[in-house]
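Undergrad: Sharing a structure below in structure tokens format, with a few things to ask.
The values are calculated or read from the model by the stated rules, or taken from the named source; none is laboratory data. Nothing here was measured: the structure is a model prediction, and the numbers come from that model. Backbone-built Cβ (ideal geometry, glycine too); neighbour counts: all protein chains shown.
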Amino acid sequence: MKDAVREAGAIPPLLHLITDFPDAAFAEAASYAIGNLILRNDDNKAAIIEAGGVIPLLQLLDSGSEELRQSTFSAHVRSQGGAVARAC
């Protein structure tokens with residue numbers, strides 16, 4: 001299912017919700033969806049990196065709610081420090 005979401009082209013619209021919507025609720029919902037997509041899925045992680053999603057996601061973590069910072073998504077992104085460093 002996760003691969004089908006990526007193959008359907010859903011990653012860029014999810015990133016759009018994070019970078020271009022003024023409502024933080026949309027950004028947080030999109031980040032949770034992305035967190036689910038990248039969990040145990042290296043192809044989706046690579047797609048997020050290739051789509052330029054690393055910096056916007058890290059910025060969201062810095063500016064997002066406490067709930068977002070403590071989420072599974074946050075822990076997962078932080079655990080991917082090597083991949084993030086290579087992407088930047």
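Condition check ((1) at pLDDT 85 or above; (2) farther than 14 Å from A10 by Cα; (3) among the polar types (S, T, N, Q)) across all residues:
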site: A30; (1), (2), (3): yes, no, no
site: I38; (1), (2), (3): yes, no, no
site: N41; (1), (2), (3): yes, yes, yes
site: K45; (1), (2), (3): yes, no, no
site: L61; (1), (2), (3): no, yes, no
site: A83; (1), (2), (3): no, yes, no
site: R86; (1), (2), (3): no, yes, no
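Undergrad: Something else now. When the residues of the range 1-55 are narrowed to those that are touching a helix residue (DSSP H, G or I) at 6+ places or on another chain (Cβ under 6 Å) and either loosely packed, with under 12 Cβ neighbours inside 10 Å or of a type in the set (D, E, K, R) (or both), which ends up nearest to E66 (Cα to Cα)?
TA: Among them, the one singled out is E28.
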